[in-house]
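Below: the structure, in structure tokens.
The values are calculated or read from the model by the stated rules, or taken from the named source; none is laboratory data. On a predicted model such as this, the values are computed, not experimentally measured, just so you know. With ideal geometry, Cβ positions are generated from the backbone for all residues, glycine too; neighbour counts draw on all protein chains shown.
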Amino acid sequence: MGTQPLSRAIDVDVDYYQQMYDPAWAEQSPRPQTKKARKKPPKTQQIVAELTDETVGLEGGFETTYRPGEFEGVWLLDSLRGFYDRDLLSDILAVVKGGKEANVYRCAGGPGAHAELVAAKVYRPRSLRNLRNDKMYREGRQVLTGDGKAVKNNDHRIMRALNKKTAFGQQVAHTSWLMYEYTTLERLHQAGASVPRPIAVDGNAILMQYFGDRMVAAPTLHEIRLEPQAARRLLDQVVFNLELMLASDMIHGDLSAYNILYWADEMTIIDFPQVTNAKGNSNARFILSRDVRRVCEYFQLQGVNANPRALADHLWQRFQERSANDILADLSRTLETFDQDDV
Ligand SMILES: Nc1ncnc2c1ncn2[C@@H]1O[C@H](COP(=O)(O)OP(=O)(O)OP(=O)(O)O)[C@@H](O)[C@H]1O
Ligand SMILES: [Mg+2]
């Protein structure tokens with residue numbers, strides 16, 4: 001992780017920093033000059049000079065078409081430089097959207113990405129993120145490290161840091177959050193689900209397939225209206241994907257028309273850090289029903305006669321039947337082994 005210099009700067013002045021790199025704020029014209037902002041320039045320049053000194057990518061020729069603000073630039077280049085060095089990304093073209101937790105950028109893919117355009121989801125620095133209350137989703141989920149492996153429950157140092165929410169603990173939680181998003185994309189993409197193809201992950205960012213073209217990114221379903229027939233077809237696709245996820249014991253956890261992209265008549269589900277373990281989480285049934293309800297609310301507005309309760313019941317019942325069958329199959333395999341040992 002190369003975020004050390006950034007966190008130091010954040011300690012200095014969080015509010016000012018947040019204003020400076022937030023694209024939504026940056027688009028406003030003329031820029032509102034808060035009292036605080038006016039007071040800061042000398043110190044700010046000093047911080048930027050210090051940061052850029054340590055930002056090898058800037059000196060190493062990572063020139064970008066997109067012109068980020070000073071602070072955003074440091075954070076952005078620091079987060080994406082690894083992809084650039086690995087030839088997965090050759091340019092940052094534009095900001096697609098600034099979400100609660102991350103900004104997504106349209107980028108030009110490098111030779112290793114096998115795509116002309118790629119999307120980079122860059123998480124905000126830890127202390128600037130609008131932290132979700134993730135307790136409900138963490139139940140039944142192991143903590144993941146940067147290489148996607150689970151931290152052992154008997155690793156007391158990490159467990160203590162997590163419980164006490166020390167800076168190190170928060171960093172571990174952040175990495176786990178990011179790795180859940182990435183490994184979920186990997187598993188679901190492999191299973192044939194309609195999710196972006198994951199390309200690479202680094203300490204603070206995910207690189208994935210981009211939906212849209214050079215001018216505009218794909219809208220979310222929330223931004224568009226559909227004819228009832230097209231809507232019916234898409235709802236069927238969403239349900240198919242929910243089943244695929246459940247077949248891998250996963251529930252999205254934050255599904256709604258805001259997290260489904262629509263491009264070239266197809267839909268793609270995004271934004272997976274809250275993915276929930278359907279088997280190990282006592283809230284699984286509730287979380288699934290909430291996902292289904294939110295999706296149905298959108299499709300009802302598009303003229304589809306969707307019954308969220310019946311759909312959630314159906315999905316959950318099928319999941320449970322399959323789980324029961326899995327347990328029986330495991331049991332009979334174990335018994336077979338015993339029989340063979342007897343012989
Ligand atoms: N692969 C992609 N291709 C094109 N656009 C994308 C892609 N991934 C995300 N986006 C855009 O970026 C936005 C933010 O992405 P995402 O939902 O993953 O992040 P987030 O920070 O969790 O957002 P929010 O807090 O708004 O849910 C999306 O609403 C979508 O408009
Ligand atoms: Mg989202």
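This table checks each residue for (1) small (Gly, Ala, Ser); (2) over 27 Å from ALA119 (Cβ atoms).
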{"residue": "PHE240", "(1), (2)": "no, no"}
{"residue": "MET250", "(1), (2)": "no, no"}
{"residue": "TYR262", "(1), (2)": "no, no"}
{"residue": "VAL275", "(1), (2)": "no, no"}
{"residue": "ARG285", "(1), (2)": "no, yes"}
{"residue": "VAL295", "(1), (2)": "no, no"}
{"residue": "ALA306", "(1), (2)": "yes, yes"}
{"residue": "ALA310", "(1), (2)": "yes, yes"}
{"residue": "ARG322", "(1), (2)": "no, yes"}
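Selection of the range 198-225 for residues being surrounded by fewer than 20 Cβ atoms within 10 Å (Cβ to Cβ), within 9 Å of ligand 1 (Cβ to nearest atom) and either in a loop (DSSP other than H, G, I, E, B) or of a type in the set (Asp, Glu) (or both) yields PRO219, GLU223. Per the listing VAL95, VAL122, the residue uniquely surrounded by 15 or more Cβ atoms within 10 Å (Cβ to Cβ), within 13 Å of ligand 1 (Cβ to nearest atom), closer than 14 Å to ASN204 by Cβ and modelled with pLDDT of 90 or more is VAL122.
Taking the range 168-217 as the search range and keeping residues that are free of Cβ contacts under 8 Å to residues at least 12 places away in the same chain and more than 16 Å from the chain's Cα centre (by Cα), which one is farthest from ARG138 (Cα to Cα)? Before you say what the answer is, go through the steps one by one.
From the range 168-217, those free of Cβ contacts under 8 Å to residues at least 12 places away in the same chain are 168-169, 189-190, 215-216; that's our starting set.
Filter once more, keeping what is more than 16 Å from the chain's Cα centre (by Cα): 168-169, 190, 215-216.
Numbers: PHE168: 18, GLY169: 14, GLN190: 24, MET215: 38, VAL216: 35 Å.
Out of the qualifying residues, it is MET215.
Residues in the range 168-188 that are more than 20 Å from VAL122 (Cβ to Cβ) and not charged (D, E, K, R): PHE168, GLY169, LEU188. The selection criterion, being part of a loop (DSSP other than H, G, I, E, B), at pLDDT 95 or above and either crowded, with 22+ Cβ neighbours inside 10 Å or more than 14 Å from ligand 2 (Cβ to nearest atom) (or both), does not hold for GLY280.
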